[in-house]
Structure formats: C-alpha cells, structure tokens
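The values are calculated or read from the model by the stated rules, or taken from the named source; none is laboratory data. Since the model is a prediction, treat every value here as computed from it, not as a measurement. Methodologically, a virtual Cβ is constructed for each residue, glycine included, from the backbone with ideal geometry; neighbour enumeration extends over all protein chains shown.
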Amino acid sequence: MDKNIAWYIQKQVERTIKNINNRNMEGYYIKNREQLFQKLKDLITEGSTVGVGDSMTLFETGVIEFLRSGKFNFLDKYKVELTSDDKRNIYIKNFSAATFICSTNALTESGELYNIDGNGSRVAPMIYGPKQVILVTGINKIVKNSEEAEIRVRQYAAPIDAKRLNKDTPCTKLGYCVDCKTPNRICNDFVVIRGQFIKGRIKILIVGETLGY
Ligand code: SF4
C-alpha cells in the first residue's frame, strides 16, 4: 500500500478507536489475519458457547472455520441440514451465548454502529443477551458520519446483500434501493448502536483490509 494512503488510514482508524472507547465499547486495530486469530483466542474461552450473525467478513477471514475447530460450543447456523425451526432455535440460543460474533454494515468515525437486518436475528443479540459481542470489520466499513453511514447501509450494503440472497426485490434489478414495500424486503430493522452500559461488552476489531460489504 502507498505509504501516504497507509498514513491516512492509520489516522482514520486512530480517531475511530478513540471514539469507540469513549462510548464504553472497545476498539482494536488488527493488522493481519495472524493478529486477528490471536485476538480471538485471547477473547474467547475454549469450550464456551459462541454464536454468529450473517457476515461475509467472517467467511472471508476464516473466522467461521476457526469456530468449527471443535474448541468451542459453536452454534453453527450454516449447517446444511438445518430446518427453519432448527435455525430459530439457534437464534434464540444466541441470546445466552458467551460470545456473539458478526460484522457491522457501517462504523462511523465517531464510533457509532449502523446496521440493517431482515428478521433481527443479527442485530438483536448485538443489542442484548450475549456476554460479549465481537464485531470483525474491514477498514472499508468506516464512514465519516451518520449521513454517510445511512447511505452506505441503504444504497450499498443492502442491495448487494439482497443480490447475494437472490431476493426478488427492486434493488436486485436496479442496483440501488427504492425503499420498497415488497414481501421480500430485507431492510426491516434499522439499528444504530451509540454506546453500552457494560464497559467493553462490544469489542470492535478493525482489520486493515477491505472485507465484506
Ligand atoms: S428496501 Fe427494498 S429495494 Fe431497498 S435495499 Fe432493501 S430490499 Fe432492496
């Protein structure tokens, strides 16, 4: 990476982490995959129960495979044989997990988390339940402010996610959001997290890469 771009990103990450910490959450800069897995080993007790929310970042970084190592009681929502009732049971169990891991659709430089969800199974445990929530995010998710976050989640992340899910929605044909009211709409829950009562319950690992969407 160009050293001047690296300097810009470093400054952006530094002020984002400072503001995350001021909101009773914890922010960490993670340089590479090796550091990521070391941090996860430090944060997650072997044998403890771990749930995840839908996240391409967790697949791209290898976190899902890491959780399948057998060292954790992993509530694996991606097993092919699961019925919709099985999935619902996993979503309910996620609330009492020791750790819940997912990513975020956007992270503002002032330390706010912006997310859109279809049925709430990803954003609900972020808000309440698991003892700790670990968010793994690439630097591409950092935005200047709430206005940019809103645009990112509605006009970028949501249409791409609808495409991934093969949804019959206007955005999968047009490539942008029209705030549809179709039954297949995936943008039902808009959640902004601006702080925590329990210090450090939410930990945000900012990986120095472009990850997910
Ligand atoms: S509101 Fe509808 S059109 Fe907009 S991104 Fe969501 S599913 Fe697509």
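Taking the listed residues 139, 198, 193, 202, the one that is within 26 Å of residue 23 (Cα to Cα), more than 16 Å from the ligand (Cβ to nearest atom) and crowded, with 21+ Cβ neighbours inside 10 Å is 202, with no other qualifying.
State yes or no: is residue 50 modelled with pLDDT of 95 or more, in contact with a strand residue (DSSP E or B) (Cβ under 7 Å, 6 or more places away or on another chain), under 24 Å from residue 145 (Cα atoms) and among the β-branched types (Val, Ile, Thr)? Criteria not met by residue 50.
Restricting attention to segment 1-33, the residues being assigned to a helix (DSSP H, G or I) and either of a type outside the set (Asp, Glu) or modelled with pLDDT under 95 (or both) number 20. Would you call residue 132 away from the ligand (no atom under 16 Å from the Cβ), touching a helix residue (DSSP H, G or I) at 6+ places or on another chain (Cβ under 9 Å) and more than 16 Å from residue 58 (Cα to Cα)? Against the criterion (away from the ligand (no atom under 16 Å from the Cβ), touching a helix residue (DSSP H, G or I) at 6+ places or on another chain (Cβ under 9 Å) and more than 16 Å from residue 58 (Cα to Cα)), residue 132 qualifies.
Quick check on segment 98-124: of everything there that is over 9 Å from the mean Cα position of the chain (by Cα) and among the polar types (S, T, N, Q), which residue is nearest to residue 37 (Cα to Cα)? That would be 99. Taken over segment 107-121, residues that are within 16 Å of the ligand (Cβ to nearest atom) and either assigned to a strand (DSSP E or B) or closer than 20 Å to residue 48 by Cβ (or both) amount to 4. Considering segment 144-185, and only residues there that are small (Gly, Ala, Ser) and in contact with a strand residue (DSSP E or B) (Cβ under 9 Å, 6 or more places away or on another chain), the residue that is nearest to the ligand (Cβ to nearest atom) turns out to be 158.
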